[in-house]
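The block underneath contains the structure these notes are about, expressed in structure tokens.
What follows is calculated from the coordinates using simple rules that are stated; it is not laboratory data. Worth saying up front: this structure is predicted, and the values here are computed from it rather than measured. As a convention, Cβ positions derive from the backbone with ideal geometry for all residues, glycine included, and neighbour counts pool all protein chains shown.
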Amino acid sequence: MFDFKDKVVVITGGARGIGKCIREQFGAAGAAVCVIDLLENDYFVGDLADKGTLERFAEKVIADYGHVDYLINNALPKMRGIDSCSYEEFEHALKVGVTAPFYLSKLFAPHFAEGASIVNISSSRDRMSQPQTESYTAAKGGIAALTHALAVSFAGKVRVNSISPGWIDTDYTVYEGADAVQQPAGRVGNPPDIANMVLYLCSDMAGFVTGENICIDGGMTKQMIYHGDCGWKLEQ
């Protein structure tokens, strides 16, 4: 369906989970893929929270390929809550989740090819929360807002969009019962649900789409929940 032959894609957090699936799909479509992750991978191992690491990574990508067609900011920030999260942990989450996407966009700005695209992976938690998730939620809200700011700054040069996944099971577990039916789509999501949209947003088919956030959550954030409806009960 997609042809990315001779295209260069950068993926943060591409060694496992959603990032791995994105990497595999771009590779299958012919792209050269440059991954940065703390985990072992075949391109670059490093901490996205470190400025020098980001600079060395960007230098390697440009030395190897000379340009970038697509930047996928996917790396996962730590999830810590108000009761236990330290200053340092919160700061690290924002560095990984917001500062690194900003700085990589800046570093690659002179090297983006014509028709380039940035896709930021946010979360449905950019609009809703569970208790004790402040570091992750703040980072995901930040990257969602960064998306439309970059889209305006890069107008006419780079399209910038974000995706907000809901419940995505990276182990491909098949859920039944309440876990499935609480979502209007009737199932829990899997990494290809996100990767497919990433590739679409990078393709020419999405040439008129920029500054948007697309929530892919099986409809879960659209379902209103009241005590007593559909068997739901609030326990206090």
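Would you please put 117-127, 142-152 in order of how densely packed they are, using the mean number of other Cβ atoms within 10 angstrom per residue and starting with the highest?
Details: 117-127: 23.9, 142-152: 19.3.
Descending packing order for the listed peptides: 117-127, 142-152.
Here the Debye sum runs over all C-alpha atoms of the chain as equal scatterers in vacuum, and log10 of I(q)/I(0) at q = 0.12, 0.15 Å⁻¹ comes out as -0.66, -1.02. Each label was represented as a point 7 Å from its Cα along the Cα-to-Cβ direction; for residue 178 and residue 232 these points are 1.3 nm apart. Exposure proxy for 59, 235: other Cβ atoms within 10 Å of each Cβ, ordered fewest to most, give 235, 59.
Could you grab the relative contact order for the chain? Cα pairs under 8 Å, six or more apart, rounded to a whole percent. Intermediate values should be presented prior to the final figure.
Details: 457 pairs, mean separation 43.7, N = 236.
Relative contact order here is 19 percent.
When you count the other C-beta atoms within 10 angstrom of each residue and take the mean per peptide, 81-93, 189-201 line up highest first as 189-201, 81-93.
Cβ under 11 Å from residue 123's Cβ, residue 123 left aside: what net charge do those residues give with Lys, Arg +1 and Asp, Glu -1? Could the numbers behind the result be given before it?
Values: positive: 125, 127, 140; negative: 126, 217.
Summing Lys and Arg as +1 and Asp and Glu as -1 gives +1.
Run the helix sum for the chain: -39,500 (n - 2.57) per DSSP H stretch of 4+ residues, divided by residue count, reported at 222 nm to the nearest 500 deg cm²/dmol.
On the way: 7 runs with 80 residues, N = 236.
The per-residue figure over the chain is -10500 deg cm²/dmol.
For the chain, the residue among 206, 178, 163 whose Cα projects farthest onto the positive side of the dipole built from Cβ charges is 206. All other residues whose Cβ lies under 14 angstrom from that of residue 14 are scored, Lys and Arg at +1 and Asp and Glu at -1, for a net of -1.
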